Amino acid sequence: MESMTDSLADPHLRYSAPTAAGGPREVVILGSTGSIGTQAIDLVLRNPDRFTVTGLSAAGGRVGLLAEQARLLRVRTVAVAQADKVPALREALAAQYGSEPLPEILAGPDAATDLARSECHTVLNGITGSIGLAPTLAALEAGRTLALANKESLIVGGPLVKALAKPGQIIPVDSEHAALFQALLGGTRAEVRKLVVTASGGPFRGRTKAELAAVTPADALAHPTWSMGPVITINSATLVNKGLEVIEAHLLYDIPFDRIEVVVHPQSYVHSMVEFTDGSTLAQATPPDMRGPIAIGLGWPERIPDAAPAFDWSKASTWEFFPLDEEAFPSVGLARHVGTLGGTAPAVFNAANEECVDAFLSGALPFNGIVDTVAEVVAEHGTPATGTHLTLPDVLQAETWARARARELAARPAPAARTAQTTSEARA
């Protein structure tokens, strides 16, 4: 069968990372105290014959949970990004381990990166945000299989990741891309006509742009089908998350943007689809539960029995699909534009969005102002560094500028206040 040889995530290929002969697959989990990390640990604990965890990393906000995870899994190494959390982490580990030796502790902003290159078979990158880029690059360079839940690292560092990743080395963990990964097994690259990425529509499906103007953070955090962290939940409400996933699909599978479609599917049962040239469409469907995609990332090419719930086909259900309202949710179109620009433009888009989400959650920016402000920052960015000329410093510099500029724009007075201020200054 012809493989998708130009793609980062090729389901037809089997990348073989080094592993201990005859034993469970050794795994490192980055972002272990977050949503992806905790569900991955649940999966590992239910399959001790298949997996053993050698290292955990976390930011440092939940050292008690991190210490508990370390003891349950008997890891060799624990990494924490916030170095000032080390005393609290040692205390929590001592309480868990008693008189037993404590695991090695890595601390500081490079701790997760150092852990990503440690001896193991698979690195699950469940870190949220573009800070996951350096660990992604480290895992690939060290020859590990990369189970990628940190979409931002691929989006902001696309050319850098593509230069390091060997065919089949990346297994996507996002539910949409894990779905595409599985559906693509149904045909060859030449037979793929279109990728169809599904979106729940978030909590505001069906509202107009005008109706979204008064949305509050509490409204936006009430996702109808998924339980996620605040940044990802807000990104789902604005559909920025779906825009990021379009860029990710383009990079993972090397499919042009004009052949990647977004469709709204409120039930979140169908996670994505592949349309083939003969008119047939293969859809991957499970109840909304991230343990299924995580199991694909950790276990591929084997499937893990009972990794996640299955459908009860004896019960009636209705599955709906709607076109995306790009006027109310312009983020997907903006993401296509950014992805087409390439270079540092995706890094600017992502960094500006993270700052605007923070501004919205703090009450400094209205809901519609998130994407509007991101669009301003992208427009001001100009010509991005591109192609083989792109470097990690280029990405980091672009992010730094985008964050600073987004904060400046978000701090402006609201439109009515700006009008009143301008009128007052004119009268003076």
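The values are calculated or read from the model by the stated rules, or taken from the named source; none is laboratory data. Since this is a predicted model, take the numbers as computed values, not measurements. Note that we place each Cβ from the backbone using ideal geometry, even for glycine, and neighbour counts take in every protein chain shown.
Inspection of the range 214-232 finds no residue satisfying the criterion of being touching a residue at least 40 places away in the same chain (Cβ under 8 Å) and at positive phi.
Restricted to the range 221-240, and to residues there that are at pLDDT below 80 and among the hydroxyl-bearing types (Ser, Thr, Tyr), the residue that is surrounded by the fewest Cβ atoms within 10 Å (Cβ to Cβ) is SER227. Answer yes or no: is there a residue in the range 355-366 that is surrounded by fewer than 18 Cβ atoms within 10 Å (Cβ to Cβ), in contact (Cβ under 8 Å) with a residue 24 or more places away in the chain and farther than 18 Å from GLY202 by Cβ. Yes, the range 355-366 contains at least one residue that is surrounded by fewer than 18 Cβ atoms within 10 Å (Cβ to Cβ), in contact (Cβ under 8 Å) with a residue 24 or more places away in the chain and farther than 18 Å from GLY202 by Cβ. Checking each residue of the range 260-278 against the condition of being at pLDDT 95 or above, closer than 23 Å to VAL378 by Cα and crowded, with 20+ Cβ neighbours inside 10 Å gives at least one match. Here VAL263, VAL274, VAL240 are screened, and the one residue that is in contact with a strand residue (DSSP E or B) (Cβ under 8 Å, 6 or more places away or on another chain), touching a residue at least 24 places away in the same chain (Cβ under 8 Å), aliphatic (A, V, I, L, M) and closer than 28 Å to PRO217 by Cβ is VAL263. Contact map, the range 43-61: first residue farther than 26 Å from VAL86 by Cβ, second residue modelled with pLDDT under 95 and surrounded by 14 or more Cβ atoms within 10 Å (Cβ to Cβ), Cβ cut-off under 7 Å, separation 6 or more or different chains; the map is empty. Checked against (1) of a type outside the set (A, V, I, L, M, F, W, C); (2) in contact with a Leu (Cβ under 7 Å, 6 or more places away or on another chain); (3) at pLDDT below 95, PRO288 passes all but a single condition, namely (2).
Taking the range 141-170 as the region of interest, how many residues are more than 17 Å from the chain's Cα centre (by Cα), closer than 23 Å to THR52 by Cβ and hydrophobic (A, V, I, L, M, F, W, C)? Within the range 141-170, residues that are more than 17 Å from the chain's Cα centre (by Cα), closer than 23 Å to THR52 by Cβ and hydrophobic (A, V, I, L, M, F, W, C) number 1. With respect to THR33, is the statement that it is β-branched (Val, Ile, Thr), closer than 23 Å to THR233 by Cβ and either touching a residue at least 60 places away in the same chain (Cβ under 8 Å) or touching a Lys or Arg at 6+ places or on another chain (Cβ under 8 Å) (or both) true? Yes, satisfied.
How many of the residues making up the range 135-162 are out of contact with any Phe, Trp or Tyr (no Cβ under 7 Å at 6 or more places or on another chain), farther than 12 Å from LEU30 by Cα and touching a residue at least 40 places away in the same chain (Cβ under 8 Å)? Of the residues in the range 135-162, 14 are out of contact with any Phe, Trp or Tyr (no Cβ under 7 Å at 6 or more places or on another chain), farther than 12 Å from LEU30 by Cα and touching a residue at least 40 places away in the same chain (Cβ under 8 Å). One residue stands out among those in the range 325-354 that are out of contact with any helix residue (DSSP H, G or I) (no Cβ under 6 Å at 6 or more places or on another chain) and hydrophobic (A, V, I, L, M, F, W, C): the one that is nearest to ALA404 (Cα to Cα), which is LEU341. Within the range 364-387, the set of residues being assigned to a loop (DSSP other than H, G, I, E, B) and closer than 23 Å to GLN397 by Cβ comprises GLY382, THR383, PRO384, ALA385, THR386. How do the pairs read when you match residues in the range 4-29 that are farther than 30 Å from GLU191 by Cβ with residues anywhere that are modelled with pLDDT under 80 and of a type outside the set (Lys, Arg), using Cβ under 8 Å and keeping only pairs 6 or more apart or on different chains? Within 8 Å, the pairs are ARG25/THR19; GLU26/THR19; GLU26/ALA20. The residues on offer are ALA107, ALA134, ALA92, and the sole one that is more than 22 Å from the chain's Cα centre (by Cα), under 30 Å from ALA163 (Cβ atoms), among the aliphatic types (A, V, I, L, M) and surrounded by fewer than 23 Cβ atoms within 10 Å (Cβ to Cβ) is ALA107. Kindly evaluate THR281 against the criterion of being under 22 Å from LEU185 (Cβ atoms), touching a helix residue (DSSP H, G or I) at 6+ places or on another chain (Cβ under 6 Å) and in the same structural domain as THR208 (by TED's automatic domain parsing). No; evaluated as a whole, the condition is false for this residue.
In the set THR386, THR373, only one residue is of a type in the set (S, T, N, Q), surrounded by 12 or more Cβ atoms within 10 Å (Cβ to Cβ), at pLDDT below 95 and farther than 16 Å from GLU152 by Cα; that residue is THR386.
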